[in-house]
Amino acid sequence: MNDVAGKPFGRFVPLAVFAVLVAFFVVGLVWNQSHDASFVPSPLINKPAPAFNLPLLKQPAQSVSKASMLGQAYLLNVFASWCFACADEHPTLMAYRDRFGIPLIGYDYRDKPADALAWLGRHGDPYHEVITDESGITALDFGVYGAPETYLIDAKGIIRYKHIGPLTPAVIAKELQPRIDALERGGK
Amino acid sequence: MTPELGQLALILALILSALQCVLPLTGAWKNSRPLMATGRSLAAGQFVFVALAFGILAWAFWINDFSVAYVAQNSNLTLPWYYRLAAVWGAHEGSLLLWMLILNLWTVALVALGGKLPEAFFARVIGVLGFVSFGFLLYMVTTSNPFVRILPAPPNGADLNPVLQDPGLTFHPPLLYMGYVGFSVAFAFAIASLLGGELKATWVRWARPWTNVAWGFLTVGIVAGSAWAYYELGWGGWWFWDPVENASFMPWLIGAALIHAQAITDKRGGLRAWTLLLSIFGFAFSLLGTFLVRSGLLTSVHAFAFAPTRGLFILVYLGVVIGGSLLLYALRAPKVTGGQPFALASRETLMVVGNLMLTVACAMVLLGTLYPLVGEALNIGRISVGPPYFGPLFLLLMTPLVLAMPFGPLSRWGKADLKVWARALVKIVALAVAAGIIGFVVGARSFYQLLGITASVWVMAGVALFAIKRWREAPAGKRYPFEMVGMMLAHFGVGVFIAGAILTRSMSVEQDVSMRPGSSVEVGAYAFQFRGVSETKGPNWLAEQGSVSITRDGKPVVVLHPQKRTYAGGQVQTEAAIQAGIFRDLYVSLGDRIGDGAWSLRVYDKPFVRWIWAGGILMMLGSFTVVLDRRFRLKRAVEPETTHAKPEPAPPGKLADDHA
């Protein structure tokens, strides 16, 4: 090792390796930042939300449809009991549910209703209503990549914003809440 | 005491740290004694202000001052006082403050104990440490101020993350940080030697005790984290190759390599460049550990908040500190390969093999940990490699190290006697095989069980042979200097660890069962009977508490009470109930209510699991013991320089081994 280290060029090897590593970090950080804000912009933004009609988790006989939600803005939060990141996001939703100023609707994605009920029972239920999409077919229309995802839908049924991955207080403060507030001001 | 005073204290500490960096370094450069002397008082002053800030934050927790946002986020009126104090380092800002406080503790300890070091060298060391602390303080003051207020103050706080409400995790971060930050001393010594263009390697001897202490703390910090995961995560596992665990394991591997490389450089003068490089890397990995945990680059069960701006700051800091150090190394590392030559068969060779394996293992862990990141950068998605990658590769890399380990201490420096090796090999093989046979007779049948027994005895036999050799060959009173005792303890600890890790893996019986009150399940030699669930209450939680009675051959062993706690904030946390023993742990963790009074339960019989942590604790004791050795008393280290102009002449004959 002394031999390698002793050669004039060999002594730059550690620095070069470190530089490559830093390059990866930079890419990672930049990717994370861009991803967090606007990575995979949904083609549906500022377009009408797809029509849906899904049963309620707690009263499967009743259902909620796009039409029944018209007239008020709401948040649609895609979650599932199998989703680890949803458990990360969960405390944030518990803390913010009443601060959004608009209803928070849970969208239980490709999940057994019994599991979802148990999960909500265990962690607490932040949602005003929960609709279930066990097959995940309606989710295809929304362009759901995975859970968690959050959609902001205005009173006219138009998707105004989409966030992929867990909501954090920073994302809510910087991205989501200003848009909700703008909708509320514009709508009334 | 108002929180704003804490902020002020941090800003003052920042200013002092800048001075602590600039003044002593300038002094060493201009050869100005008054400037060099400023380092001591600046370091002390910085310590006072950081300690003040820390005290103010702790006080805010103590009096439940929820107008401080950090307190409001991490504490609660019902949180017991000891967890309120531990909550000081329960999240990002406070744990940085702890990091800073520990860095200052190390610096002040160095000021107190390093008074006999050469003046210019010491000034450079203090200057380098000042630079390190300047970066961290700047980071705190600009992006992570723990004293931010929220007004109006909420009537009650959220809660400390319940995962962190456990004694193991109360001590885990401070111990880990003692280790991480401790490597800054070896780093500062290395950089100071490069800056000063030291031709001799005497600085390595001065650095050795500091490296040993840091590594010991890191070891016990990792042990505490592993024990915590075992108790608190409810999975019964003790190591998950999780990114955050890996972040602490990488500096540990480098530290283990560095301890041995320093020993070679100290005693034989060789491997100087390598020791320099490892000193830099040890601290680099400590910073990387901080970076990985804080930046949100890698998600993990225990990663803190996602904060790209913070990540960017640390990245720049890392680039300056480590990139700068490596550039300095490239330009100024000693050009001559110093030290005494050594034959292929020698103690040096064995230690180099160990060093290589440890560093390659570290590179392997780094690659696996960064894999999701690499996947993203190359646009193929986040892919985690997980235990199937780490486990076999680590085993493969550690095999040569474990094989070589008993022979290192038994060999001479420079040129080992092959006959000694052959005789030792015969004895060690005989002992290991005998242990394997005894194990087989007692009932060990699987390959891994036998492997665990023989590998563990292989290492322990080496320690025993070394102890006997010293007893026979060295004069009474000089048989076991502290440095050797430390080595023996640590190596023995490796043997204990191997037994624990492999036997737990091969002998554990784990069952996930659903049980109704009154029903039983057999796990190994034990019968677990579920008696039902009742409710119980703690200071800030309600729990459903199961009751499981365990019998062996009809005789009662113990009744265990696993809990499923719901904390004030709504979070749910499992508390496994464990009957701990030297030879086995019986472990029960309560799952979910399934209905009809039935519950899902996890019941484990985990033999030898404590040996894993006992091994780690022995390694820690070993590395602390080494520090007591007379060799490191500073009087000797700063003898007139001429004694060290040449590497120490090897004392003839048996005495060569005194310098093990």
### Message
Here is a list: B:Thr202, B:Thr219. Which entry is outside the structural domain of B:Gln573 (by TED's automatic domain parsing), surrounded by 24 or more Cβ atoms within 10 Å (Cβ to Cβ) and either under 13 Å from the mean Cα position of the chain (by Cα) or farther than 30 Å from B:Ser600 by Cα (or both)?
### Response
B:Thr219
### Test set (1) touching a Cys at 6+ places or on another chain (Cβ under 8 Å); (2) within 14 Å of A:Leu76 (Cβ to Cβ) - A:Asp133 fails condition number
(1)
### Message
Between a residue in the stretch B:102-114 that is surrounded by 20 or more Cβ atoms within 10 Å (Cβ to Cβ) and any residue that is charged (D, E, K, R) and in a helix (DSSP H, G or I), which pairs come within a Cβ distance under 9 Å, given they are 6 or more apart or on different chains?
### Response
B:Val111/B:Arg40
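I'd like to check something: does the stretch B:21-29 contain any residue that is touching a Pro at 6+ places or on another chain (Cβ under 9 Å) and buried (at least 23 other Cβ atoms within 10 Å of the Cβ)? Steps first, answer last, please.
Applying the first criterion (touching a Pro at 6+ places or on another chain (Cβ under 9 Å)) to the stretch B:21-29 yields B:27.
If we keep only those that are buried (at least 23 other Cβ atoms within 10 Å of the Cβ) as well, we get B:27.
Checking the stretch B:21-29: at least one residue is touching a Pro at 6+ places or on another chain (Cβ under 9 Å) and buried (at least 23 other Cβ atoms within 10 Å of the Cβ).
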### Query
Of the residues B:Tyr82, B:Tyr139, B:Tyr70, which is assigned to a helix (DSSP H, G or I) and touching an Asp or Glu at 6+ places or on another chain (Cβ under 8 Å)?
B:Tyr70
## Note on the structure
Note on the stretch A:92-147: residues within 14 Å of another protein chain (Cβ to nearest Cβ), part of a loop (DSSP other than H, G, I, E, B) and of a type in the set (A, V, I, L, M) are none
### Query
Any residue in the stretch A:94-106 that is under 25 Å from B:Asp592 (Cβ atoms) and of a type in the set (Phe, Trp, Tyr)?
no
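Yes/no per residue for (1) in contact with an Asp or Glu (Cβ under 6 Å, 6 or more places away or on another chain); (2) aliphatic (A, V, I, L, M); (3) surrounded by fewer than 16 Cβ atoms within 10 Å (Cβ to Cβ); (4) in contact (Cβ under 8 Å) with a residue 24 or more places away in the chain:
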{"position": "B:Ile468", "(1), (2), (3), (4)": "no, yes, yes, no"}
{"position": "B:Val494", "(1), (2), (3), (4)": "no, yes, no, yes"}
{"position": "B:Met507", "(1), (2), (3), (4)": "no, yes, no, yes"}
{"position": "B:Glu522", "(1), (2), (3), (4)": "no, no, yes, no"}
#### Entry: Number of the exception - B:Val213 against (1) touching a residue at least 24 places away in the same chain (Cβ under 8 Å); (2) surrounded by 22 or more Cβ atoms within 10 Å (Cβ to Cβ)
(2)
### Message
Whether any residue in the stretch A:62-69 is free of Cβ contacts under 8 Å to residues at least 40 places away in the same chain, on the phi < 0 side of the Ramachandran plot, small (Gly, Ala, Ser) and within 14 Å of chain B (Cβ to nearest Cβ) is what I want to check.
### Response
no
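Can you find a residue that is more than 19 Å from B:Gln571 (Cβ to Cβ) and either surrounded by fewer than 18 Cβ atoms within 10 Å (Cβ to Cβ) or not aromatic (Phe, Trp, Tyr) (or both) anywhere in the stretch A:117-128?
First, pick out the residues of the stretch A:117-128 that are more than 19 Å from B:Gln571 (Cβ to Cβ): A:128.
If we keep only those that are either surrounded by fewer than 18 Cβ atoms within 10 Å (Cβ to Cβ) or not aromatic (Phe, Trp, Tyr) (or both) as well, we get A:128.
Yes, the stretch A:117-128 has at least one match.
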### Query
Which numbered condition trips up A:Ala67, out of (1) closer than 20 Å to A:Pro169 by Cβ; (2) out of contact with any Pro (no Cβ under 6 Å at 6 or more places or on another chain)?
(1)
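When you go through B:Ala416, B:Ala435, B:Ala404, B:Ala377 one by one, which is the residue that is modelled with pLDDT of 90 or more and more than 13 Å from B:Gly462 (Cα to Cα)?
Working: B:Ala416 fails: modelled with pLDDT of 90 or more; B:Ala404 fails: more than 13 Å from B:Gly462 (Cα to Cα); B:Ala377 fails: modelled with pLDDT of 90 or more.
That would be B:Ala435, the only listed residue that is modelled with pLDDT of 90 or more and more than 13 Å from B:Gly462 (Cα to Cα).
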### Summary
Residue pairs within 6 Å by beta carbon, gap of at least six or interchain, first lying in the stretch B:430-448 and at negative phi, second not in a helix (DSSP H, G or I), listed first then second, are none
### Query
Of the residues in the stretch B:320-341, how many are more than 8 Å from every other protein chain (Cβ to nearest Cβ) and buried (at least 21 other Cβ atoms within 10 Å of the Cβ)?
2
#### Entry: Filter result for B:Val185 (more than 18 Å from the chain's Cα centre (by Cα) and among the aliphatic types (A, V, I, L, M))
no
### Message
Scan the stretch B:533-555 and tell me whether some residue there is within 30 Å of B:Tyr448 (Cα to Cα), free of Cβ contacts under 8 Å to residues at least 60 places away in the same chain, assigned to a strand (DSSP E or B) and charged (D, E, K, R).
### Response
yes
## Note on the structure
Taking the stretch A:1-18 and keeping only residues that are surrounded by fewer than 18 Cβ atoms within 10 Å (Cβ to Cβ), at pLDDT 65 or above and at the interface with chain B (Cβ under 7 Å from one of its Cβ atoms), one is left with A:Phe12
### Query
Could we say that B:Arg531 is surrounded by fewer than 19 Cβ atoms within 10 Å (Cβ to Cβ) and basic (Lys, Arg) here?
yes
#### Entry: Subset of the stretch B:39-52 [at pLDDT below 95 and crowded, with 22+ Cβ neighbours inside 10 Å]
B:Gly39
### Query
Do we have B:Pro562 as closer than 26 Å to A:Gly124 by Cβ and modelled with pLDDT of 90 or more here?
yes
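If I go through the stretch A:152-167 residue by residue, how many of them are buried (at least 19 other Cβ atoms within 10 Å of the Cβ) and farther than 16 Å from A:Pro178 by Cβ?
Keep residues of the stretch A:152-167 that are buried (at least 19 other Cβ atoms within 10 Å of the Cβ), which gives A:152-154, A:159, A:161-167.
Then keep just the ones that are farther than 16 Å from A:Pro178 by Cβ; that gives A:153, A:159, A:164-166.
Qualifying residue count for the region: 5.
Considering each of B:Gly615, B:Gly622, B:Gly581 in turn, give the residue that is out of contact with any His (no Cβ under 8 Å at 6 or more places or on another chain), assigned to a helix (DSSP H, G or I) and not hydrophobic (A, V, I, L, M, F, W, C). Spell out how you get there, then give the answer.
Working: B:Gly622 fails: out of contact with any His (no Cβ under 8 Å at 6 or more places or on another chain); B:Gly581 fails: assigned to a helix (DSSP H, G or I).
Just one listed residue meets the conditions, B:Gly615.
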### Task
Would you be able to say whether some residue in the stretch B:499-510 is more than 24 Å from B:Gly237 (Cα to Cα) and out of contact with any Leu (no Cβ under 7 Å at 6 or more places or on another chain)?
no
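Take the residues in the stretch A:101-144 that are of a type in the set (Ser, Thr, Tyr) and touching a strand residue (DSSP E or B) at 6+ places or on another chain (Cβ under 8 Å), then tell me which one is farthest from A:Pro50 (Cα to Cα). Let's see the steps before the verdict.
If we filter the stretch A:101-144 for residues that are of a type in the set (Ser, Thr, Tyr), which is where we start, we get A:107, A:109, A:127, A:132, A:135, A:138.
Keeping just the survivors that are touching a strand residue (DSSP E or B) at 6+ places or on another chain (Cβ under 8 Å) gives A:107, A:109, A:127, A:132, A:138.
Details: A:Tyr107: 14, A:Tyr109: 16, A:Tyr127: 21, A:Thr132: 16, A:Thr138: 8 Å.
By that ranking, first place goes to A:Tyr127.
The values are calculated or read from the model by the stated rules, or taken from the named source; none is laboratory data. Quick caveat: nothing in here was measured; it's all calculated off a predicted structure. Note that each Cβ is placed from the backbone with ideal geometry, even for glycine, and that neighbours are counted across all protein chains shown.
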